[in-house]
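The values are calculated or read from the model by the stated rules, or taken from the named source; none is laboratory data. Just so it is clear, the model here is predicted, and its values are computed rather than measured. Every residue, glycine as well, gets a Cβ built from its backbone with ideal geometry; the counts of neighbours run over all protein chains shown. The accessibility values were calculated without ligands, DNA or RNA, using every heavy atom of the protein model including side chains. Shrake-Rupley method; radii C 1.70, N 1.55, O 1.52, S 1.80 Å.
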Amino acid sequence: MNTWNVLLVDDHPLMRKGISQLLKFEPEFNTVSEASNGTDAIAEVSRSKPDLIVLDLNMKGLSGLDTLKALRYEGCTATIVILTVSDSPNDIHAIVQAGADGYLLKDSEPEELIEKLKVAMTGKKAFSKEVEANLANNEQNASPLTHLTERELQILQQVAKGLRNKQIAESLYISEATVKVHLKNLLKKLNVDSRVAATVLYLENETMD
């Protein structure tokens, strides 16, 4: 059985303690560390390399969205699930765009929360029912490029210019390994299997905009 190290990020101690207690009943979830703000969360991710990050959206200081963006920008490949009270379409869209693996509401039943976190750890997206409904309403007219994170879109733009992985890494000041991770993710999101196909899709959608 796989076990996962978890980082809980929330500025409310009671919320962190409550989720931590829930996770301790599940053998799949291993070490649980905590952070009360985005800045500490980023430092803790570098230190403990968690497999799963449960991240609050509305925090003092660095918001959940900015924390998510910073982590993805730095190449963090952990599963990141937002846990929030907000079901705002704008928040949902921004979080999905930034590369979250899930968006769950804090009024979820404990059993549902645990089930969704386990789903996220299988590589699938984990959304509350209200969030799924919102995404379904917007899915039909959305460009496939809207599913990419800011960093993935930057890399796709470089690919479309004909740059290779090493050149992209140098231009974006990241490692070649990080480029490969992002490239793999964006190909999967675009449902294509080659750089050429991704470039064609990018150029088609850029022309339409």
If I ask for residues that are open to solvent by less than 20 Å² (accessible area, probe 1.4 Å), more than 22 Å from Gly75 (Cα to Cα) and in contact (Cβ under 8 Å) with a residue 60 or more places away in the chain, which ones from the stretch 6-28 would you list?
Ile19, Leu23
Being closer than 30 Å to Glu28 by Cβ, in a helix (DSSP H, G or I), free of Cβ contacts under 8 Å to residues at least 12 places away in the same chain and aliphatic (A, V, I, L, M) is the requirement here; does Ala169 meet it?
no
Evaluate the following for Ser108: is it under 23 Å from Asp51 (Cα atoms) and either open to solvent by 20 Å² or more (accessible area, probe 1.4 Å) or without any contact (Cβ under 8 Å) to a residue 12 or more places away in the chain (or both)?
yes
Got a sec? Which of Val179, Val196, Val200, Val159 is among the aliphatic types (A, V, I, L, M), more than 23 Å from Ile95 (Cβ to Cβ) and under 20 Å from the mean Cα position of the chain (by Cα)?
Val179
Tabulated pairs, the stretch 37-61, first touching a residue at least 60 places away in the same chain (Cβ under 8 Å), second assigned to a strand (DSSP E or B), C-beta under 6 angstrom, 6+ apart or interchain:
Asp51/Trp4; Asp51/Asn5; Leu52/Trp4; Leu52/Val6; Leu52/Thr79; Val54/Leu8; Val54/Val81; Val54/Leu83
Output the number of the condition that Glu132 fails; it satisfies all remaining conditions of (1) over 18 Å from the mean Cα position of the chain (by Cα); (2) without any contact (Cβ under 8 Å) to a residue 12 or more places away in the chain.
(1)
Looking at this structure, is Thr77 open to solvent by 50 Å² or more (accessible area, probe 1.4 Å), in contact with a helix residue (DSSP H, G or I) (Cβ under 9 Å, 6 or more places away or on another chain) and of a type in the set (Val, Ile, Thr)?
yes
What are the residues in the stretch 82-120 that are within 17 Å of Leu71 (Cβ to Cβ) and either over 12 Å from the mean Cα position of the chain (by Cα) or part of a strand (DSSP E or B) (or both), if any?
Ile82, Leu83, Thr84, Gly102, Tyr103
Within the stretch 23-66, work out how many residues are assigned to a helix (DSSP H, G or I) and in contact with a strand residue (DSSP E or B) (Cβ under 9 Å, 6 or more places away or on another chain).
13
